[in-house]
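The values are calculated or read from the model by the stated rules, or taken from the named source; none is laboratory data. Computed from a predicted model, the values in this text were never measured in an experiment. Here the Cβ positions follow ideal geometry from the backbone for every residue, glycine too, while neighbour counts run over all protein chains shown. These accessible areas exclude ligands, DNA and RNA; they are computed on the full protein's heavy atoms, side chains included. Shrake-Rupley method; radii C 1.70, N 1.55, O 1.52, S 1.80 Å.
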Amino acid sequence: MTIEHEISERYSRLPSSNFAKILKIAVEDKDVISLGPGEPDFTTPEHIRDAAIMAIDKGFTHYSPPGGRTETKETIAKKLKKDNRINVSPEEIIVTCGSQEALFLATQSLIDPGEKMIVPNPGFLAFIPMVETLTGIPEPIPLREKNGFEFDPDELEKLIDRRTRVILINSPSNPTGRMLKRKTLEKLADIAIQHDLVIFSDEAYEKLTYDNRKHISIGSLNGMKDRVITFQSFSKSYAMPGFRIGYAAGPKDIIQAMTRLHIYTTVCAPTLSQLTAIEALTGNQSCVKEMRTQYNRRRKLIIKRLKEIPDINCLQPEGAFYAFPNISKLGSSVEVANLFLKKAKVLVVPGTEFGKYGEGYVRMSYATSYEKIEEAMDRIEKVVKNR
Ligand SMILES: Cc1ncc(COP(=O)(O)O)c(C=O)c1O
């Protein structure tokens, strides 16, 4: 007889995913074109892969200091100064197993049970479980299409109470592909100062911006250095998701707390990846530009094609590699994702996977080839026109 174990309450709080069911069908059917991926379709650029091979050959197979290797943190500090106008010392940086681990450590460091973090909704699907599993309270701030998927600062302010500790932002955004404007960031900075809050700024897609839009790090704004933790990643910019490497920069006391927690979870980010990351940041950057050019070409295609399909509207994606069209005239998010999968054999992610305010939308990733996107759009157009 097998024993049935009582799994923690924490586990039961994890969302049950409709997408898991959809994904299962897609994996089993080879004709399905997936617009689902949340990771680059590109292989890590060659000079970065070579650096990884060299690190193995040189025997860098040991643990690193928990906060990260000194040369990696020094390189990151230079990058933050040059690219993001954030001035931090290596002690104000922690290198982690992807930026997702950094987000988790920061949440653990600041949110006590019953305390609140305001999170964008729709937002990256790890945000809510990350707070809930640590017995904090995620407070969704709606991102509405009529506001260009930016939050409304007045509405945000109304959500703040004495239990609120952190406001999380993500620009460019997964899943909306939109970016927060400087004006919005400035308003947010004022709110954080006024209510004595910390801001988590998830900048995983910082290098993927289009039409000459410049990514702005809120940590670079006046008076924000002591209030902002900036989270960045190698996964998207350098197509290195499997290296599991990212980092966070922020106030020294918070980074120290995160580092202590890190010791008891993963010990350190992979040493090989930390060395490889130095090459990513200091080596030839044309690979970033080339990948961005490819994404942009696909983005333009997806926007053009979506415009031609009746009853679908899509706000222009500005960054990341996602389009988030409004499909509410065709049905609910899950119904439309099922329709596209069954009738068009195209996988898209229901907007509700990113929170309740994602209802009425689906996420289409263009981290897949131009030709596949073209075929997927042909199929969707046919299904919608013939329905
Ligand atoms: C908005 C956002 N933040 C963070 C992450 C995590 O990235 P990583 O842990 O690979 O750095 C992702 C991954 O999809 C993401 O979309």
Which ones in region 280-326 are of a type in the set (Gly, Ala, Ser), more than 17 Å from GLY36 (Cα to Cα) and open to solvent by less than 10 Å² (accessible area, probe 1.4 Å)?
-> ALA280
Could you check how many residues of region 115-135 are more than 15 Å from the ligand (Cβ to nearest atom) and at pLDDT 95 or above?
-> 3
Residue within region 324-336 that is at negative phi and under 19 Å from the mean Cα position of the chain (by Cα) present | yes
State yes or no: is ALA106 within 16 Å of the ligand (Cβ to nearest atom), touching a Phe, Trp or Tyr at 6+ places or on another chain (Cβ under 9 Å) and more than 24 Å from ILE193 (Cβ to Cβ)?
-> no
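From the list LEU156, LEU188, which one is more than 16 Å from the ligand (Cβ to nearest atom), open to solvent by less than 30 Å² (accessible area, probe 1.4 Å) and more than 20 Å from the chain's Cα centre (by Cα)?
LEU156
When you check GLU101 against the structure, is it within 16 Å of the ligand (Cβ to nearest atom) and acidic (Asp, Glu), yes or no?
Spelling it out, GLU101 is indeed within 16 Å of the ligand (Cβ to nearest atom) and acidic (Asp, Glu).
Check region 251-263 and report whether any residue there is open to solvent by less than 10 Å² (accessible area, probe 1.4 Å) and hydroxyl-bearing (Ser, Thr, Tyr).
No, region 251-263 contains no residue that is open to solvent by less than 10 Å² (accessible area, probe 1.4 Å) and hydroxyl-bearing (Ser, Thr, Tyr).
Quick check on MET364: is it in a strand (DSSP E or B) and of a type outside the set (Lys, Arg)?
It is true that MET364 is in a strand (DSSP E or B) and of a type outside the set (Lys, Arg).
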So which helices (runs of 4 or more DSSP H) are wholly in region 89-159 and hold at least 2 residues that are in the same structural domain as ILE245 (by TED's automatic domain parsing) and more than 30 Å from LYS78 (Cβ to Cβ)?
-> 127-132, 153-159
Could you check how many residues of region 191-208 are in contact with a Pro (Cβ under 7 Å, 6 or more places away or on another chain) and either open to solvent by 80 Å² or more (accessible area, probe 1.4 Å) or within 16 Å of the ligand (Cβ to nearest atom) (or both)?
-> 2
From the list ILE48, ILE25, ILE33, which residue is touching an Asp or Glu at 6+ places or on another chain (Cβ under 7 Å), closer than 30 Å to PRO325 by Cα and of a type outside the set (Ser, Thr, Tyr)?
-> ILE33
List every residue pair whose Cβ atoms sit under 8 Å apart, with the two residues 6 or more apart in sequence or on different chains, where the first one lies in region 153-176 and is more than 27 Å from PRO350 (Cβ to Cβ) and the second, anywhere, is among the aromatic types (Phe, Trp, Tyr) and open to solvent by less than 30 Å² (accessible area, probe 1.4 Å).
-> VAL166/PHE200
